[in-house]
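A short write-up of the structure that comes next.
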Amino acid sequence: MRNVESALEVKPSTGKEKAPMMAAAQFAVKKAVQKPQEICEVIEKNESQAMKAALQFAVKKRVPCSEPAPKPIVASPIKLSVTSHYAVKNAVTEAYGVFDSMEQAIDAGFQAQVNYVKDYKLQDRERLINAVRQSIVAEKETLAKLVLEETKLGNYQDKILKHELAALKTPGVDILKAEAFTGDDGLTIVEHAPFGLIGAVTPVTNPTETVINNSISMLAGGNAVVFNVHPSSKKACAYVVTLINKAIKAAGGPLNLVTMVKDPTLETLNPIMESPKVKLLVGTGGPGLVRTLLKSGKKAIGAGAGNPPVIVDETADMENAAKSIILGASFDNNLLCIAEKEVFVIDRVADDLIFQLLNQGAYMLDRYQLDKIMSLTLEENHQEEARGCSLNPKRKYHVNKNWIGKDAKAILSQIGVTAPANVKLVICEVEAEHPFVQLEQMMPILPIVRVKDLDEAIQLAVTAEHGNRHTAIMHSKNLDNLAKFASAIDTTIFVKNASSLAGVGFGGEGHATMTIAGPTGEGITSAKTFTRQRRNVLAEVKK
Ligand code: NAD
């Protein structure tokens, strides 16, 4: 897997500036004081002509020196309750963008967006977003620790990578390309306009990463965003919302482009859904959330659950298949919605695949251990409640939340198995109807189903995906087979011969997202998703 840190050196560019000039300008912005007036004074004092030019470049597109900076809405200061026992570097204690009530968060975000589109140009957006990227990368370890400590899901190293990915591979304004039509009748340009204030809901599985990814995309589109974050991640999210606001402020932007309510609940979503100030809803989570947003009467973008199947056929490179499957299925303890959740392998090569998986460090459960792990990690659905990746209330089992996102070693140890230190994934052989196949477990336990041929594999994989149209993976060298499965499953992401992570730009081409909008069809979201199309027509005057 490529370390995304190297990407830091490649800063998204507006395409117009010269590199050394840009570096000097960035240095200047970093060092610069908060207010434009003070920046002007710095310019006056500076003896170096080159530095002067660079500073002028840095502030050129900002609020003119003579005008006062737009006044932010300031709620009564909220103290960040970062109670981490980890050392929090440069701990931020006063929250920015975090409000006591959702109404305050909406008002502040609304006003910030009005100032943002009025006073800041596309170049400014890119500069503010770069400041956000840098601040997240600088605090990636702290963020990973805070999220792990609060949610108790996933693992530390992978969370660092997820933060880097969200900070560095979420596209900025560069993805907003206008479309032009020219001809005898004149010129028409279709450009991307902001929605305004967006209301966004985030999952517990990628809490801060989704805040980062959504914020960059939405701000690049000229919007502001008010979050209703998952309650079990509110402290880490308050921390990242503060970081983002501080970075924007330090780079000369308005406060409160990103806001949240301090104590989110299901009820605090109501003001977002009802307020005329919120123009678009974006939800990342399970099917219940998506359904709620779609019933609101507002335009909603829904990124729902998945249960991604993997097919391995006779032609696959088994070593590569095993490595890729372990990487994707064990990453952050299988929390990702795109992660490999069940494997269908052609019987003739099933032993080869299992051999390679064991060779790469997976742990295989025997029948007795499988029974024990089932009683540990699943619970019977006595209440006939709909949960997880499907709205079907008739499912026999649900996943026991206590074991979601836990380490393979911890799960094994609970059933009395002392596993080798490097075990990241538990595998087991089951039938297609097994709850481990049909439920979106989000645990590093990967069920493997033997099938007689490709047709059976496809039919079972499509059933296990439950029509979510989210993600599917296939390992094969046969183009016809790949095309057959891709067409039958019709998912938003289809990965061939790599880990599912490649589907969000992690070891694969294309940008990253934490919000894959399958149910509403926007797909891999970016700034473009969070804009309206606006048509500008210049007609040729006919004489
Ligand atoms: P969840 O659905 O329980 O919660 C997601 C968010 O929605 C939370 O903020 C929660 O408070 C809120 N919420 C939940 N039910 C709601 C309802 N009925 N009305 C209003 N708000 C509601 O999901 P989670 O456990 O936080 O996250 C895991 C789920 O999210 C998995 O199913 C995973 O596949 C999915 N997910 C999808 C994507 C994607 O891009 N498609 C990304 C990450 C996670």
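No value in this document is a laboratory result; all are computed from the given coordinates. Because the structure is predicted, anything quoted here is derived from the model rather than measured. Please note: Cβ atoms are built from the backbone with ideal geometry, for glycine as well, and neighbour counts cover all protein chains shown.
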Distance violations [Cα-Cα > 22 Å] among K249/K279; K152/K528; K145/K249; K401/K424; K341/K409; K341/K424 = K249/K279; K152/K528; K145/K249
Residues with beta-carbon under 11 Å from that of N481, excluding N481: net charge, scoring Lys, Arg +1 and Asp, Glu -1?
-> -2
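Ranked highest first by the average count of other Cβ atoms within 10 Å around their residues, in what order do 525-533, 270-278, 466-474 fall?
Details: 525-533: 20.6, 270-278: 18.0, 466-474: 24.1.
With the highest mean Cβ count within 10 Å placed first, the list reads 466-474, 525-533, 270-278.
What is the calculated FRET efficiency for D174 to D351, with r their C-beta to C-beta distance and R₀ = 41 Å, to the nearest 0.05?
Numbers: r = 48 Å, r/R0 = 1.17.
Working from the Cβ atoms, E equals 0.30.
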Cβ under 10 Å from E456's Cβ, E456 left aside: what net charge do those residues give with Lys, Arg +1 and Asp, Glu -1?
-> -1
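With all distinct Cα pairs included, what does the Kirkwood hydrodynamic radius of region 309-510 come out to in Å, to one decimal, could you say?
16.8
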In nm, spacing of pseudo-spin labels at D480 and T418 (7 Å Cα→C-beta vector) | 5.3
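Average the reciprocal distances over every distinct pair of alpha-carbons in region 107-182, invert the result, and give the Kirkwood radius in Å. If you can, show how the numbers build up before the last one.
Values: mean 1/r = 0.0673 Å⁻¹.
Evaluated on region 107-182, it is 14.9 Å.
Over the Cα atoms of region 324-364, what is the Rg over Rh ratio if Rh follows Kirkwood?
Values: Rg = 10.9 Å, Rh = 11.0 Å.
The Rg/Rh ratio comes out at 0.99.
Under the Kirkwood approximation for Rh and a Cα-based Rg, what ratio Rg/Rh is obtained for region 124-239? Provide the component values of the computation, followed by the final result.
Working: Rg = 17.2 Å, Rh = 15.5 Å.
The Rg/Rh ratio comes out at 1.11.
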Determine the gain in length on full extension of the stretch V541-K528; use 0.36 nm per residue of separation and subtract their C-alpha separation, reporting nm with one decimal.
-> 1.4 nm
H398 neighbourhood, Cβ < 14 Å, K/R = +1, D/E = -1, net charge 0
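Beta carbons within 10 angstrom, averaged per residue: use that to sort the peptides 415-426, 247-258, 132-143, highest first. Let's see the in-between values first.
Values: 415-426: 15.3, 247-258: 24.8, 132-143: 21.5.
Highest to lowest by the protection proxy: 247-258, 132-143, 415-426.
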How much length, in nm to one decimal, is gained on full extension between R291 and Q157, taken as 0.36 nm per residue of separation minus their Cα-Cα distance?
-> 44.9 nm
